[in-house]
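> This is the structure I want to talk about, given as structure tokens.
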Ligand SMILES: Cc1cc2nc3c(=O)[nH]c(=O)nc-3n(C[C@H](O)[C@H](O)[C@H](O)COP(=O)(O)OP(=O)(O)OC[C@H]3O[C@@H](n4cnc5c(N)ncnc54)[C@H](O)[C@@H]3O)c2cc1C
Ligand code: HEM
């Protein structure tokens, strides 16, 4: 809860800070990386820095947090904090690093807003920062405890047990802990961070959703190679595709992520597009293993059957459920692949208008933002409650702070 004096000051300065938050985030990262170049090299995703998406996510989250503090005192944006904390935990972020971010963020605010930042204004925004930071530190502490690791100690060496090239652009890697200990448990829908050393010596990190059943001894994830149409090729995905082979070692974090099945008996709708099918595959494995009997509707959109990674698994796992239907949409069929028993195939992009959606459905979405926006509005139109629509963004979540 923000103190009364700070609430008034934050309310008065929120429009100015909000209007300048993009510039503040830019300057903050410049200052942070000048002082700590190792953070850009080995912790932050430099693709997201180059494209500006991480800056927008940070700025949006701080503005949303401050707005909630002054407009709804006593409440907290828990969904947003949970999403950030899960990402932080998968990266091994620790409390002392919040001091470093504090120094450069507050310096950026002072420099961008100039004379408007009186000692009183600085103190009020300092309070906002630490309320948010301490909330994140507390959630991250719980997430580390859940995995039974000391704060930040999430990284382990794994061995690649097998590699399967599913499509020309998607490869699945099965991995097991290099020291022979059991793989840490995960919940269907969660992801790991993977860190690789690139040819220039940078040790870049990316997240990959775990596929496969949570109960199995191995872990697996599928990587789509980012070909960089209109931009550079994806650094880590291209590296994994070009270099990672059976018996190689890989640095992988403990599993985290908040897009997880809630365990209820509600009807489910699992909607994905492209490589966004990976968390859905893990959810289906889990539902099949536990003999889930409630209705499940599986929806997937892809460019063509040949581009649809794990297509046969997607169909077969749906087929294992007693009350499930799958609908796959392809923008074009390309060279035809054999039809699969089970799924209904459609031409075009995902369109739920003819798909029955049971009352009380809980929906899980994963794919590009325009796809998720379209599916979400169709689901709202069919009476699904906004609170029952969950989603994962395969990058900084720019949607969250706007919702
Ligand atoms: C929770 C989560 C789960 C995920 N699960 C999966 C999964 O299961 N499977 C999967 O394949 N992916 C998954 N991802 C995505 C994955 O983490 C990576 O983002 C993806 O592999 C691309 O990484 P990259 O290093 O290859 O690309 P990057 O190098 O990070 O590039 C990403 C994009 O930024 C653009 N870019 C880079 N540099 C610049 C520049 N200088 N100027 C302009 N544009 C630029 C690139 O062209 C590209 O389009 C997940 C992401 C998250 C957050
Ligand atoms: C109050 C302080 C902080 C806020 C508000 C904040 C906010 C965010 C947000 C919104 C994201 C994107 C989450 C997502 O949607 O995936 C993120 C990711 C991240 N944060 Fe923080 N963060 C804070 C502190 C820190 C600290 C102390 C560090 C470590 C130095 C850190 C490192 C990272 C990294 C490395 C990522 C992933 C970046 C990427 O993938 O591009 N953050 N943070």
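> Tell me, yes or no, whether the range 59-81 has at least one residue that is at pLDDT 95 or above, more than 15 Å from ligand 1 (Cβ to nearest atom), under 19 Å from the mean Cα position of the chain (by Cα) and on the phi > 0 side of the Ramachandran plot.
No, the conditions are met nowhere in the range 59-81.
> With (1) in contact (Cβ under 8 Å) with a residue 40 or more places away in the chain; (2) within 15 Å of ligand 1 (Cβ to nearest atom); (3) over 23 Å from residue 237 (Cα atoms) as the list, and residue 33 as the residue in question, which single condition is left unmet?
Every condition holds for residue 33 apart from (1).
> Counting just the residues of the range 200-215 that are within 16 Å of ligand 2 (Cβ to nearest atom) and part of a strand (DSSP E or B), which one comes out surrounded by the most Cβ atoms within 10 Å (Cβ to Cβ)?
Within the range 200-215, the match that is surrounded by the most Cβ atoms within 10 Å (Cβ to Cβ) is 209.
> Do we find a residue being within 12 Å of ligand 2 (Cβ to nearest atom) and within 25 Å of the chain's Cα centre (by Cα) anywhere in the range 106-127?
So far as the range 106-127 goes, no, none of its residues is within 12 Å of ligand 2 (Cβ to nearest atom) and within 25 Å of the chain's Cα centre (by Cα).
> Limited to the range 357-395, what total is found for residues that are more than 16 Å from ligand 2 (Cβ to nearest atom), within 27 Å of residue 207 (Cα to Cα) and touching a strand residue (DSSP E or B) at 6+ places or on another chain (Cβ under 8 Å)?
Total meeting the criteria: 8.
> Count, please, the residues in the range 69-104 that happen to be under 21 Å from residue 396 (Cβ atoms) and not in a helix (DSSP H, G or I).
Total meeting the criteria: 5.
> Then there's this: Exactly one of (1) within 16 Å of ligand 2 (Cβ to nearest atom); (2) under 16 Å from residue 173 (Cα atoms); (3) out of contact with any helix residue (DSSP H, G or I) (no Cβ under 7 Å at 6 or more places or on another chain) is unmet by residue 276. Its number?
(2)
> Inside the range 256-286, can you point out the residues that are away from ligand 1 (no atom under 11 Å from the Cβ) and crowded, with 23+ Cβ neighbours inside 10 Å?
268, 269, 270, 271, 273, 283, 284 - these are the residues of the range 256-286 that are away from ligand 1 (no atom under 11 Å from the Cβ) and crowded, with 23+ Cβ neighbours inside 10 Å.
> Let me ask something else about it. Check 151, 183 and return the single one that is over 13 Å from residue 221 (Cα atoms), away from ligand 1 (no atom under 16 Å from the Cβ), in a loop (DSSP other than H, G, I, E, B) and in contact with a strand residue (DSSP E or B) (Cβ under 6 Å, 6 or more places away or on another chain).
Going through 151, 183 in turn, the sole match is 183.
> Still on this structure, I have one more. Please pick out the residue among 196, 161 that is in a strand (DSSP E or B) and within 16 Å of ligand 1 (Cβ to nearest atom).
Of the residues listed, the single one that is in a strand (DSSP E or B) and within 16 Å of ligand 1 (Cβ to nearest atom) is 196.
> List every residue pair whose Cβ atoms sit under 8 Å apart, with the two residues 6 or more apart in sequence or on different chains, where the first one lies in the range 65-88 and is in the same structural domain as residue 133 (by TED's automatic domain parsing) and the second, anywhere, is in a loop (DSSP other than H, G, I, E, B) and at pLDDT 95 or above.
79/258; 82/258; 83/258; 86/257; 86/258
The values are calculated or read from the model by the stated rules, or taken from the named source; none is laboratory data. Bear in mind that the values here come from a model prediction, so they are computed numbers and not experimental data. Quick reminder, even Gly has a Cβ in these numbers, built from the backbone with ideal geometry, and neighbours come from all protein chains shown.
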